[in-house]
Structures are given as C-alpha cells and as structure tokens.
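Below is one structure, written out as structure tokens; comments come after it.
The values are calculated or read from the model by the stated rules, or taken from the named source; none is laboratory data. Given the structure is predicted, the values throughout are model-derived calculations rather than measurements. A quick note on method: Cβ atoms are made from the backbone with ideal geometry, for glycine too, and the neighbour counts reach across all protein chains shown. Note: areas computed on protein heavy atoms with side chains; ligands, DNA, RNA excluded. Shrake-Rupley method; radii C 1.70, N 1.55, O 1.52, S 1.80 Å.
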Amino acid sequence: MKMKRKVSVVGLGYVGLPVAVAIGKIARTVGFDIKSDRIKELRKGKDHTGEVSVTDLKTADILFTDRIEDLRLADFHIVAVPTPVDNANRPDLTPVIKASETVGKALKRGDIVVYESTVYPGVTEEECVPVLEKVSGLKCGRDFKVGYSPERINPGDKEHTFTKIKKVVSGQDARTCDIVAEVYGSVVKAGVFKASSIKVAEAAKVIENTQRDLNIALMNELAIIFDKMGIDTNEVLEAAGTKWNFLKFKPGLVGGHCIGVDPYYLTHKAEQLGYIPQVILAGRRINDGMGKFIAQHTIKEMINTGHNVLGSTVTVLGLTFKENCPDLRNSKVANIINELKEYGVNVQVSDPNADPVEAMHEYGVKLTPFRKLRKASAVVLAVAHKEYRGLSIRQILKTMGRRPVIIDVKGVVDQVAARRMGLSLWRL
C-alpha cells in the first residue's frame with residue numbers, strides 16, 4: 001500500500017526502530033534519535049538491540065539522523081521514547097516531554113503527532129500538547145493534530161513482531177483517527193482497532209501490562225505459600241494447567257520497561273484523583289520483593305548444605321530482564337545480586353546477551369564469560385537464555401565446588417536428574 005504521509009519516528013530503541021523499518025520498507029522515513037552513537041550504529045547497518053535484522057535495516061529506506069531540521073521533511077511524527085519511573089516509582093515524563101520539545105521545533109501546519117510511549121490517560125492531551133504548542137507557536141486542533149497508538153513491542157519475541165500485532169489507534173477527532181489508522185494500516189498486517197478517544201487508547205495500553213503484572217504477582221504469592229508448605233510450585237501449575245480455562249502464568253522476576261513500570265503510571269493518576277489503588281499496588285509490592293526472596297532462599301540453602309556464607313562465591317547466570325534479549329532496563333536480577341552482597345557473598349555474574357559496558361554503567365556489575373567463572377558454592381539460574389537452557393547439570397556442576405547448591409528461578413533444570421544425583425536444587 002502506498003504511504004500518503006511522510007513519516008518520522010522519534011526514538012530508535014526497542015520500539016521505535018521496528019516501526020521505522022516497517023514504514024521504511026514502503027516509503028522514505030526519517031529515523032531520529034538524540035544519541036549520535038545510535039545513529040552511527042544504524043547507519044552502519046547494525047542494531048545492538050537485536051530487534052531488527054541486518055537485511056531489514058538494509059532494505060528499509062530510512063534517513064537516520066540526530067538533526068532536528070530533518071524532521072521538517074515529515075508531516076506525520078511518531079514519538080516512541082521510554083517512559084520510566086524514578087527511584088520512588090513515580091512516572092518520569094522527562095523523555096516524552098523532551099521529545100515533544102524536539103518535535104515542536106520542527107512542527108508545521110497540517111502535521112500530525114502520534115505518541116506510542118506508555119503513559120497514563122491524559123498525558124498526550126494534557127502534558128504533551130501544551131509543550132508542542134509552546135515550542136511551535138501553533139495551535140493544536142487548528143494548525144496540527146495529535147493521536148495516540150500504544151506500542152505493543154515485546155523485546156526478543158520474533159513471533160509477535162510489530163506488523164503481526166493488531167494496532168490500537170486513536171486521534172483527537174474522527175478525521176485524525178482515520179489518517180492514523182491509514183498510516184499504520186499500510187504496514188501492520190494484523191490490522192488496526194480504532195479506539196473512541198485518545199484517553200481510551202492510553203488506558204488500554206496501561207492496563208494490558210497491569211493485568212499481566214497482577215497475574216504474575218498471584219503466581220509469586222502462591223510460590224511463597226507453597227514453598228512454606230514444601231510443595232513444588234511448578235508441579236502444582238502443571239497439574240492445574242490441565243483444566244481448559246486455567247491461565248498459564250508462572251512465578252518469576254518482573255522487570256523491564258513495561259510490566260514492572262506501567263502499573264505505577266495508572267496508580268499515580270488514580271492517586272491524583274483521590275483514589276488509593278489496593279490490588280494493583282499489592283501486586284507491585286509482591287513482584288518487587290521477589291529478588292530479595294530468591295536471594296534469601298539461596299542463603300538458606302547454602303547454610304543447610306554446610307557452606308560458610310561469609311566470603312563464599314555465588315554465580316548468577318543472566319542479568320537482562322528477560323531471556324534471549326539484551327535489554328537490561330529495570331532488571332530485577334540486580335535485586336538478587338544486591339541482596340546476596342548484603343550477606344557478605346562474593347557475586348559473579350555471567351550473561352551472553354548483555355552489554356558489559358551497559359551492565360557496569362547501570363548496575364555496577366562486571367560480567368564474566370561463562371568459561372572463566374570461578375568455582376562457586378551456589379549457582380542462581382536467573383534468566384532462561386537459550387545458552388543456559390542447553391546446559392546439562394554436569395556442565396553447571398563444572399562451575400561449582402563441593403556440596404553444590406542450584407537455585408533454579410525459571411524451572412529449566414531437570415529436577416528428576418538433580419534429585420537422582422543427590423543435589424541441592426531449589427525452584428521458584
């Protein structure tokens with residue numbers, strides 16, 4: 001389908017780049033990012049996130065730039081920047097506000113600005129539009145229009161990619177919504193869904209991940225309860241999963257830029273309106289505490305097998321927030337590491353997918369190649385990378401000393417084989 005609008009994508013990370021590449025395959029697209037190193041990397045046909053292949057980068061017609069002037073070449077601007085939370089779990093709208101300032105400097109009459117960043121209902125119209133108007137000197141609704149189309153990118157997922165996921169779209173009026181639907185519909189094979197308003201589309205996005213967060217929180221709470229009962233949670237879920245309508249969620253660490261963040265956007269807005277959320281925040285407390293729970297169990301297992309905890313070495317396999325993905329944002333593995341260190345443990349971390357420079361910058365963690373790991377008293381299998389799923393128990397034991405303790409967060413170790421070998425194995 002021919003693209004009738006000239007598109008720019010602001011923010012070329014895990015979300016923005018796949019969008020730019022998809023559109024760039026049918027029309028000239030402006031790909032903008034404030035990070036000059038990112039622009040240089042993409043111009044060379046490389047993507048460190050692993051979301052886009054070398055072939056796709058080469059075949060897409062994209063002007064990669066960090067020059068605001070180049071945004072003037074477009075009349076349809078897609079903003080796809082992160083929306084994190086601060087240390088107090090309050091929404092940090094700085095990236096989306098700064099991106100609005102950038103777009104505002106290039107905004108022209110007749111342009112449309114569509115936000116993909118996850119926000120709470122009202123941010124597009126109440127926070128971003130005033131910035132666009134102030135910087136551009138134009139009036140929203142008269143000179144330019146806005147829309148919202150929530151991102152649904154799942155980092156590391158090669159099956160549910162941008163073009164294969166139905167796109168929710170919205171606009172400040174019916175005509176704008178139609179144009180937004182037409183632009184996305186030209187590349188998204190799964191089709192589009194027109195939300196009745198921008199706020200409805202914003203709310204739809206934020207509850208998608210809140211729902212997942214709460215389901216995982218329930219599994220984590222059950223795991224804590226079953227652990228006290230001496231019951232293996234994975235075996236319980238396997239049995240319960242035989243019922244046709246049982247939702248197959250599993251316990252685990254909930255990090256990343258979406259599930260572990262988005263609920264705080266919704267609760268923040270609710271609190272502004274005078275309502276204190278109960279269920280959502282309870283789920284967040286449970287999930288945020290799982291790193292500490294796992295670390296404490298590691299220490300308990302070490303003591304029970306006769307190890308002196310102080311000064312001992314524990315190996316943590318995996319640092320990224322999910323398997324087979326280099327994304328380190330908001331990884332809860334860091335909570336395990338920090339808690340172990342509180343007990344005087346020497347922690348060594350290995351991850352084949354994480355960037356060593358970023359790991360040091362974000363968490364102060366030095367990554368060690370698997371083959372260079374020192375002998376450890378315990379191994380925590382924190383992230384189920386394919387490299388770790390392929391390890392046999394004997395390969396794991398080669399990295400360990402006497403009376404080995406294996407902490408299997410993701411349930412990838414053969415429990416029957418471990419018991420047969422008389423190993424101390426604990427699964428979440």
Point to revise | Identity of the residue in region 217-233, in contact (Cβ under 8 Å) with a residue 40 or more places away in the chain and open to solvent by less than 30 Å² (accessible area, probe 1.4 Å), that ends up farthest from the chain's Cα centre (by Cα) | key: Asp232
Point to revise | Out of Gly185, Gly122, sole residue that is small (Gly, Ala, Ser), touching a residue at least 24 places away in the same chain (Cβ under 8 Å) and closer than 16 Å to Val7 by Cα | key: Gly185
Practice item. List every residue pair whose Cβ atoms lie under 6 Å apart, where the two residues are 6 or more positions apart in sequence or sit on different chains, the first residue falls within region 379-393 and is without any contact (Cβ under 8 Å) to a residue 60 or more places away in the chain, and the second residue, located anywhere, is open to solvent by 10 Å² or more (accessible area, probe 1.4 Å) and assigned to a helix (DSSP H, G or I). Key: Ile393/Ala417
Exercise for review: Please determine, by comparing only the residues of region 191-201 that are touching a helix residue (DSSP H, G or I) at 6+ places or on another chain (Cβ under 6 Å) and hydrophobic (A, V, I, L, M, F, W, C), which one is surrounded by the most Cβ atoms within 10 Å (Cβ to Cβ).
Suggested key: Ile198
Check your understanding: Just checking, which of Lys158, Lys108, Lys134, Lys145 is basic (Lys, Arg) and without any contact (Cβ under 8 Å) to a residue 24 or more places away in the chain?
Key -> Lys158
Practice item. Give just the number: which of (1) modelled with pLDDT under 95; (2) more than 22 Å from Val254 (Cβ to Cβ) does Lys366 not satisfy? Key: (1)
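Conditions (1) in contact with a Ser or Thr (Cβ under 7 Å, 6 or more places away or on another chain); (2) surrounded by 18 or more Cβ atoms within 10 Å (Cβ to Cβ); (3) under 16 Å from Val113 (Cα atoms); (4) among the β-branched types (Val, Ile, Thr), marked per residue:
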residue	(1), (2), (3), (4)
Pro150	yes, yes, yes, no
Val168	yes, yes, yes, yes
Asp173	no, no, yes, no
Glu182	no, no, yes, no
Lys189	yes, no, no, no
Point to revise | First in region 60-76 and more than 12 Å from Lys6 (Cβ to Cβ), second anywhere and crowded, with 17+ Cβ neighbours inside 10 Å and among the hydroxyl-bearing types (Ser, Thr, Tyr), Cβ under 8 Å, 6 or more apart | key: Ala60/Thr29; Ile62/Thr29; Ile68/Thr102
Review point. Out of region 40-73, which residues are under 21 Å from Phe162 (Cα atoms) and among the aliphatic types (A, V, I, L, M)?
Key: Leu42, Val52, Val54, Leu57, Ala60, Ile62, Leu63
**Study point:** Breaking point among (1) among the β-branched types (Val, Ile, Thr); (2) assigned to a helix (DSSP H, G or I); (3) over 30 Å from Asp327 (Cα atoms), for Thr242
**Key:** (2)
Study note, to complete from the structure: Filtering region 263-295 down to residues that are surrounded by 15 or more Cβ atoms within 10 Å (Cβ to Cβ) and acidic (Asp, Glu) yields Asp288
**Study point:** Selected residue [crowded, with 17+ Cβ neighbours inside 10 Å, of a type in the set (Ser, Thr, Tyr), in a helix (DSSP H, G or I) and at pLDDT 95 or above] from Thr315, Thr298, Thr320
**Key:** Thr298
Check your understanding: Are any residues in region 81-120 part of a helix (DSSP H, G or I) and open to solvent by less than 50 Å² (accessible area, probe 1.4 Å), and if so, which ones?
Key -> Pro95, Val96, Ile97, Ala99, Ser100, Thr102, Val103, Gly104, Ala106
Check your understanding: Taking Glu271, is it of a type in the set (Asp, Glu), closer than 30 Å to Gln211 by Cβ and assigned to a helix (DSSP H, G or I)?
Key -> yes
